[in-house]
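Below is one structure, written out as structure tokens, with a few remarks after it.
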Amino acid sequence: MHSVPSLAILGGPALRNRPFLRWPVFAEADRAALLKTFESGEWGGYGAAVQQFEAEFAKAHDSRHGITTANGTLSLEAALIACGIGPEDEVIVPPISFVATATAVLRVGAIPVFADIDLRTYNLDPSNAAAAITPRTKAIIPVHFAGHPADMDALMPLAARHGLAVIEDCAHAHGASWKSRKVGSFGNFGSFSFQQSKNMTAGEGGILITSDSRLAELGWSYGNQGRSPHGAWYQHDRLGTNLRLTSLQSALLSVQLRRLPTQLAQRAKNAARLRAGLGAGSILCAPEFDPRVTGHGLHLFVMRLNAQRYPELSRDRVVEALIAEGITGASCYPYPLYRNNLFQNHGHRLLPCPNAEQMARQCLWLTNDVLLGSAEDVDDVLSAIAKVTEFAEELLAANTERSQ
Ligand SMILES: Cc1ncc(COP(=O)(O)O)c(C=O)c1O
């Protein structure tokens with residue numbers, strides 16, 4: 001006779017039936033800012049709201065210039081173009097990221113070179129980046145994955161020694177800092193995204209920051225049809241395109257920038273509660289934070305399967321089990337970037353990436369809905385993880401049945 005299942009995925013009762021916080025968070029200030037810009041009639045055309053947001057965002061990230069773009073994919077492309085990267089050049093990227101980090105390189109005609117990550121931080125490992133350098137290498141794009149800054153102490157001198165540009169992909173790392181300096185301000189450019197899921201959002205959008213006036217001019221010019229900042233409107237000095245953000249988006253983002261410090265504090269509080277609650281016997285291990293990280297962006301809270309204790313368990317099955325328990329935002333990347341079909345048809349170079357393979361097999365993460373939620377929300381997540389841990393054998397047995 002079969003006993004009554006405990007786990008929701010096997011037909012038992014779900015631990016939680018209430019929805020989590022819905023992202024994006026907004027309030028009266030967002031509505032008022034949007035309405036004010038709406039009524040001004042200046043919705044686009046590189047208006048005052050855009051320029052104000054660019055200045056505020058750059059200042060908040062220890063940089064002199066901000067150049068808004070339509071999204072964080074195009075901001076990476078604009079940065080590469082401004083740095084003079086093009087056909088035949090190689091650009092080193094980590095394989096644990098969103099696809100845009102590598103496709104931006106392809107879009108400018110250059111070749112992405114995948115180098116392995118550090119398993120403690122899931123960021124590009126500087127020694128693997130060093131091993132990937134050839135005479136064709138022109139740039140490195142470190143990604144501050146999940147909001148954890150990459151090792152800029154090692155990457156910046158490496159790039160300097162080889163004359164490489166550094167474009168920081170900060171799509172997960174608004175407001176994050178490495179040794180008290182904001183990410184995005186180390187490299188030639190920092191590139192951010194304001195896509196719907198990001199820690200600041202206008203639905204879509206992006207920005208480049210830099211303190212190099214010449215690069216700022218080139219980046220701005222590319223996204224503004226090759227105009228020059230002080231040239232006439234119908235004067236086009238180089239080949240460009242239109243990457244402009246609208247005033248409506250900028251107005252919304254200015255309000256969100258003011259909210260960012262409070263939200264980062266809330267993320268840090270919830271991450272600390274999660275870390276404290278994930279004990280040694282848990283099915284999932286808490287992430288490690290490098291002590292040089294003085295501000296974690298906490299876009300994602302990444303947990304790794306305790307494979308030593310539960311070698312048979314599959315990460316995908318754990319994600320499904322947590323979702324069934326009501327932890328609806330649990331998610332993961334299915335595989336490292338280079339396994340996407342698109343790279344079969346486009347030039348790329350691949351160094352051995354055992355850490356990226358392991359990460360993509362064993363990790364899952366929590367997002368805004370938990371990181372900005374209440375202590376009770378966090379406790380529900382911990383209870384769900386504890387429940388899956390307690391009944392891991394049940395999950396494994398069902399796995400075996402499924403595969404027979
Ligand atoms: C690491 C990373 N880089 C780049 C991007 C591209 O940003 P966007 O979606 O705004 O084009 C994203 C997000 O989607 C991302 O997660």
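The values are calculated or read from the model by the stated rules, or taken from the named source; none is laboratory data. No experiment lies behind these values; they were computed from the predicted model shown. Methodologically, a virtual Cβ is constructed for each residue, glycine included, from the backbone with ideal geometry; neighbour enumeration extends over all protein chains shown.
Couple of notes before you dig in:
- Selection of region 222-248 for residues being touching a residue at least 60 places away in the same chain (Cβ under 8 Å) and out of contact with any helix residue (DSSP H, G or I) (no Cβ under 8 Å at 6 or more places or on another chain) yields only ASN224.
- Any chance GLY240 is more than 16 Å from the ligand (Cβ to nearest atom) and either modelled with pLDDT under 95 or more than 18 Å from ALA79 (Cα to Cα) (or both): no
- Qualifying positions in region 195-222 - part of a loop (DSSP other than H, G, I, E, B) and not hydroxyl-bearing (Ser, Thr, Tyr): GLN195, GLN196, LYS198, ASN199, MET200, ALA202, GLY203, GLU204, GLY205, ASP212
- Filtering region 39-62 to residues that are farther than 11 Å from LEU252 by Cα and not small (Gly, Ala, Ser) leaves GLU39, GLU42, TRP43, TYR46, GLN51, GLN52, GLU54, GLU56, PHE57, LYS59, HIS61, ASP62.
- The listed residues are ALA55, ALA14, and the only one of them that is part of a helix (DSSP H, G or I), modelled with pLDDT of 95 or more and away from the ligand (no atom under 16 Å from the Cβ) turns out to be ALA55.
- Residues being part of a strand (DSSP E or B) and over 26 Å from PRO311 (Cβ atoms) - total across region 264-297: 3
- Every condition in (1) of a type outside the set (A, V, I, L, M); (2) within 16 Å of the ligand (Cβ to nearest atom); (3) more than 27 Å from SER180 (Cα to Cα) holds for GLU39 except the one numbered (2).
- Hits in region 149-184 - residues which are in contact with an Asp or Glu (Cβ under 7 Å, 6 or more places away or on another chain) and not charged (D, E, K, R): VAL183, GLY184
- Residue match in region 358-375 (condition: exposed (fewer than 15 other Cβ atoms within 10 Å of the Cβ) and among the small types (Gly, Ala, Ser)): yes
Residues checked against (1) among the aliphatic types (A, V, I, L, M); (2) surrounded by fewer than 24 Cβ atoms within 10 Å (Cβ to Cβ); (3) over 23 Å from SER213 (Cβ atoms):
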{"residue": "MET156", "(1), (2), (3)": "yes, yes, no"}
{"residue": "GLY163", "(1), (2), (3)": "no, yes, no"}
{"residue": "ASP169", "(1), (2), (3)": "no, no, no"}
{"residue": "ALA176", "(1), (2), (3)": "yes, no, yes"}
{"residue": "ASN188", "(1), (2), (3)": "no, yes, no"}
{"residue": "SER191", "(1), (2), (3)": "no, no, no"}
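- Exactly one residue among GLY231, GLY219, GLY226 is in the same structural domain as THR137 (by TED's automatic domain parsing), crowded, with 24+ Cβ neighbours inside 10 Å and either away from the ligand (no atom under 11 Å from the Cβ) or modelled with pLDDT of 95 or more (or both), and that residue is GLY219.
- Within region 90-112, residues that are closer than 18 Å to PHE145 by Cα have Cβ atoms under 6 Å from residues that are part of a loop (DSSP other than H, G, I, E, B) and within 14 Å of the ligand (Cβ to nearest atom) in these pairs: VAL93/ILE141; PRO95/PRO336; ILE96/TYR122; THR101/ILE141, counting only partners at least 6 apart in sequence or on another chain.
- Tabulated pairs, region 185-205, first more than 18 Å from TRP220 (Cβ to Cβ), second within 7 Å of the ligand (Cβ to nearest atom) and of a type in the set (Asp, Glu), C-beta under 7 angstrom, 6+ apart or interchain: GLN195/GLU204
- Residue within region 230-249 that is assigned to a helix (DSSP H, G or I) and touching an Asp or Glu at 6+ places or on another chain (Cβ under 6 Å) present: yes
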